[in-house]
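The values are calculated or read from the model by the stated rules, or taken from the named source; none is laboratory data. Treat the numbers as computed from the prediction; the structure is a model and nothing was measured. Because the Cβ atoms are built from the backbone with ideal geometry, glycine has one as well, and the counts that use them run over all protein chains shown.
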Amino acid sequence: MSGDNEDTQTADDSQEVQDKVISPEKAEEAKLKARYPNLGNKPGGSDLLRKRLQKGQKYFDSGDYNMAKAKIKNKQLPTAAPEKTEITGDHIPTPQDLPQRKPSLVASKLAG
Amino acid sequence: MAGAGGGNCDVQWCFSQVKGSIDDDVAEADIISTVEFNHSGELLATGDKGGRVVIFQQEPESKNQPQCRGEYNVYSTFQSHEPEFDYLKSLEIEEKINKIRWLPQKNAAQFLLSTNDKTIKLWKISERDKRPEGYNLKEEDGRYRDLNTVTTLRVPVFRPMDLMVEASPRRVFANAHTYHINSTSVNSDCETYLSADDLRINLWHLEITDRSFNIVDIKPANMEELTEVITAAEFHPNQCNTFVYSSSKGTIRMCDMRASALCDKHAKMFEEPEDPNNRSFFSEIISSISDVKFSHSGRYMMTRDYLSVKIWDLNMETRPVETYQVHEYLRSKLCSLYENDCIFDKFECCWNGNDSVVMTGSYNNFFRMFDRGYRQDVTLEASRENSKPRSVLKPRKVSTGGKRKKDEISVDSLDFNKKILHTAWHPLDNIIAVATTNNLYIFEEKLN
């Protein structure tokens with residue numbers, strides 16, 4: 001009896017070891033889930049794809065901006081966090097938040 | 001050795017040229033975004049993030065050194081696209097050149113299609129080496145002559161002048177894509193071409209800019225149901241009715257334009273069955289196909305996903321006929337590659353002239369070649385350290401185990417900021433163009 005139990009346990013252990021050995025991917029997945037417990041289970045799903053489709057979107061509404069300026073007369077305008085990814089939602093984007101478009105373009109260094 | 005472009009097992013690659021600045025501080029505009037030889041291999045075009053195109057021309061072989069293939073020197077450079085802002089959608093449109101495709105040459109001028117995220121442009125590159133002289137009413141500098149001084153009549157003649165290469169935009173194909181264009185492909189009929197964005201593929205006629213036909217539309221009625229996007233598309237090299245498009249889910253669909261006007265129903269679907277036991281969070285992301293290329297013969301196609309290159313026989317949809325691991329050692333690094341976004345890098349791939357060898361890039365400025373016939377592969381590096389003229393490139397090796405041999409580099413020492421995403425192979429000879437972040441390397445076969 002006890003002999004059987006031991007056998008099953010070893011089998012389970014070796015299966016676990018096998019899993020890690022056979023699938024480094026699963027080990028990496030476990031690492032990721034440990035770091036980000038709120039990560040959804042649909043990695044290729046619509047969230048990721050929609051973020052991809054929205055590349056280039058900037059949010060700046062001059063109406064919002066001027067209204068906010070008018071309301072918060074003397075106080076500072078709330079500005080974006082330093083690592084801004086998408087400027088939307090909680091704070092009022094300012095023209096300074098939006099990355100500057102490059103000025104006139106120079107020749108490529110490949111041609112130099 | 002067999003003729004040009006033969007099997008790779010005895011080819012030694014050596015450094016030929018490098019273009020671009022040595023500066024470590026790379027301006028974003030200088031990041032190379034596409035590389036493409038023309039159909040003869042005489043011209044080599046690059047596009048960058050700053051919207052500029054640089055075209056290099058191969059010098060004719062000199063009689064003094066018949067074994068040295070000509071160098072590539074700057075032929076023409078121009079600003080193809082400018083940054084734009086779509087005020088209606090609050091969308092910034094990058095000027096980055098996503099793809100350049102050459103048209104087959106029909107007359108003295110050269111034509112190429114260059115595209116950014118939203119607009120495709122047809123550029124004409126032409127040479128001028130003569131100019132008219134001896135006008136009766138104008139001076140040579142263009143000023144009008146005082147008619148009182150004109151006493152005789154002469155016939156203006158063409159006189160040789162220093163070669164001038166002019167690039168002019170002949171067509172602008174705009175406003176046909178809601179999403180970001182990832183591919184263009186010229187049809188073998190030389191009259192039409194396709195452009196593909198994340199969700200749609202359009203068919204254009206090269207002469208007509210105010211109209212294009214939508215031939216594939218995978219946009220779901222409800223965007224919440226979006227499960228895959230189009231990642232690349234290409235026309236078959238000689239069947240003008242056939243094209244393929246790849247998806248972020250690792251499938252390739254082949255469509256026949258004779259079947260119907262809208263090719264939403266594929267004629268063939270190429271997909272390798274997945275082992276459900278091996279499925280992980282990363283499976284779908286790393287199966288996303290970043291590039292698809294038909295072989296020159298038109299019999300095979302090659303796809304590039306994050307870790308491998310696969311060759312498919314067009315007659316077999318169930319699985320690829322060949323699979324090559326590009327950097328399998330990254331499988332145990334997927335967590336950090338996801339965190340630093342490298343897992344989303346889009347590597348391209350290319351065939352050599354006779355379809356016997358395929359090439360693709362990797363990290364640390366490494367690139368890989370796979371010889372299909374001899375079943376051999378090699379890892380080479382594009383770096384300034386190996387840039388002595390005609391110095392032979394030494395194969396590189398990444399060590400995966402604990403023990404690292406002398407010349408090997410360990411996985412943890414790889415520089416993931418040094419990515420080779422774009423490579424091109426001369427259509428006839430063993431000459432390759434490899435783009436690092438902001439430099440273009442040209443390597444060629446060592447000839448004795």
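So for the range B:258-281 (the condition being within 14 Å of chain A (Cβ to nearest Cβ) and within 17 Å of residue B:182 (Cβ to Cβ)), does at least one residue qualify? Lay out the reasoning, then the answer.
Narrowing the range B:258-281 to residues within 14 Å of chain A (Cβ to nearest Cβ): B:274-281.
When the remaining residues are screened for being within 17 Å of residue B:182 (Cβ to Cβ), the result is none.
No, every residue in the range B:258-281 fails to be within 14 Å of chain A (Cβ to nearest Cβ) and within 17 Å of residue B:182 (Cβ to Cβ).
Within the range B:45-60, which residues are at pLDDT 95 or above and charged (D, E, K, R)?
The answer is B:48, B:49, B:52.
Restricting to the range B:406-448, count the residues that are among the small types (Gly, Ala, Ser), more than 14 Å from chain A (Cβ to nearest Cβ) and closer than 26 Å to residue B:25 by Cβ.
1
Just one of (1) within 22 Å of the chain's Cα centre (by Cα); (2) away from chain A (no Cβ under 14 Å); (3) assigned to a loop (DSSP other than H, G, I, E, B) trips up residue B:320, so point out which.
If we test residue B:320 against (1) within 22 Å of the chain's Cα centre (by Cα); (2) away from chain A (no Cβ under 14 Å); (3) assigned to a loop (DSSP other than H, G, I, E, B), just (1) comes out false.
Taking the range B:336-348 as the region of interest, how many residues are touching a residue at least 12 places away in the same chain (Cβ under 8 Å) and either surrounded by fewer than 23 Cβ atoms within 10 Å (Cβ to Cβ) or within 13 Å of chain A (Cβ to nearest Cβ) (or both)?
Residues that pass the stated criteria total 9.
Within the range B:82-120, which residues are over 17 Å from the mean Cα position of the chain (by Cα), assigned to a loop (DSSP other than H, G, I, E, B) and within 11 Å of chain A (Cβ to nearest Cβ)?
Residues satisfying the conditions are B:82, B:83, B:87, B:89, B:90, B:94, B:118.
Could you give every pair whose Cβ atoms fall below 8 Å, whose first residue belongs to the range B:160-183 and is touching a residue at least 40 places away in the same chain (Cβ under 8 Å), and whose second residue is loosely packed, with under 11 Cβ neighbours inside 10 Å, counting only separations of at least 6 or pairs across chains?
B:171/B:207
If you scan the range B:181-211, which residues turn out to be in contact with a His (Cβ under 8 Å, 6 or more places away or on another chain) and crowded, with 19+ Cβ neighbours inside 10 Å?
Within the range B:181-211, B:192, B:195, B:197, B:198, B:200, B:202 qualify.
Within the range B:243-259, can you find the residues that are crowded, with 18+ Cβ neighbours inside 10 Å and either polar (S, T, N, Q) or assigned to a loop (DSSP other than H, G, I, E, B) (or both)?
If the condition is that a residue be crowded, with 18+ Cβ neighbours inside 10 Å and either polar (S, T, N, Q) or assigned to a loop (DSSP other than H, G, I, E, B) (or both), then B:246, B:247, B:248, B:250, B:251, B:257 are the ones that fit.
Residue B:125 - would you say it is β-branched (Val, Ile, Thr) and either assigned to a loop (DSSP other than H, G, I, E, B) or exposed (fewer than 14 other Cβ atoms within 10 Å of the Cβ) (or both)?
Spelling it out, it is not the case that residue B:125 is β-branched (Val, Ile, Thr) and either assigned to a loop (DSSP other than H, G, I, E, B) or exposed (fewer than 14 other Cβ atoms within 10 Å of the Cβ) (or both).
Go through the range B:327-367 and count every residue that is acidic (Asp, Glu), farther than 16 Å from residue B:421 by Cα and modelled with pLDDT of 95 or more.
Of all residues in the range B:327-367, those acidic (Asp, Glu) come to B:328, B:339, B:341, B:345, B:348, B:355.
Those left that are additionally farther than 16 Å from residue B:421 by Cα: B:328, B:339, B:355.
From what is left, the residues that are modelled with pLDDT of 95 or more are B:328, B:355.
Adding up the residues that qualify gives 2.
Select from the range B:398-432 the residues that are exposed (fewer than 14 other Cβ atoms within 10 Å of the Cβ) and of a type in the set (Lys, Arg) and write down the one among them that is modelled with the lowest pLDDT.
Restricting to residues being exposed (fewer than 14 other Cβ atoms within 10 Å of the Cβ) and of a type in the set (Lys, Arg), the top hit is B:403.
For the range B:272-282, which positions are under 29 Å from the mean Cα position of the chain (by Cα) and either outside any loop (DSSP other than H, G, I, E, B) or aromatic (Phe, Trp, Tyr) (or both)?
Hit for the range B:272-282 is B:282, nothing else.
Starting from residues that are more than 14 Å from every other protein chain (Cβ to nearest Cβ) and outside any strand (DSSP E or B), keep the ones in the range B:202-232 and report whichever is nearest to the chain's Cα centre (by Cα).
Only one residue tops the list, namely B:206.
Failed condition for residue B:79, given (1) more than 22 Å from residue B:173 (Cβ to Cβ); (2) surrounded by fewer than 20 Cβ atoms within 10 Å (Cβ to Cβ), with all others met?
Looking at each condition in turn, residue B:79 falls short on (1).
Looking at (1) part of a strand (DSSP E or B); (2) crowded, with 22+ Cβ neighbours inside 10 Å; (3) over 17 Å from the mean Cα position of the chain (by Cα); (4) not charged (D, E, K, R), which is the one condition that is false for residue B:367?
(3)
If I ask for residues that are touching a residue at least 12 places away in the same chain (Cβ under 8 Å) and part of a strand (DSSP E or B), which ones from the range B:128-146 would you list?
Within the range B:128-146, B:128, B:129, B:130, B:131, B:132, B:133 meet the criteria.
Here is a yes/no grid of residues against (1) within 14 Å of chain A (Cβ to nearest Cβ); (2) part of a strand (DSSP E or B):
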site: B:293; (1), (2): no, yes
site: B:301; (1), (2): no, yes
site: B:310; (1), (2): no, yes
site: B:316; (1), (2): no, no
site: B:324; (1), (2): no, yes
site: B:334; (1), (2): yes, no
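Could you grab me the full set of residues in the range B:167-201 that are touching a Lys or Arg at 6+ places or on another chain (Cβ under 8 Å), within 14 Å of chain A (Cβ to nearest Cβ) and not aromatic (Phe, Trp, Tyr)?
B:167, B:177, B:178, B:180, B:181, B:182, B:198, B:199, B:200
Answer yes or no: is there a residue in the range B:260-271 that is under 20 Å from the mean Cα position of the chain (by Cα) and buried (at least 19 other Cβ atoms within 10 Å of the Cβ).
The answer is no; no qualifying residue exists.
Checking residue B:379 against (1) closer than 17 Å to residue B:308 by Cα; (2) of a type outside the set (Asp, Glu); (3) touching a residue at least 40 places away in the same chain (Cβ under 8 Å), which test does it fail?
(3)
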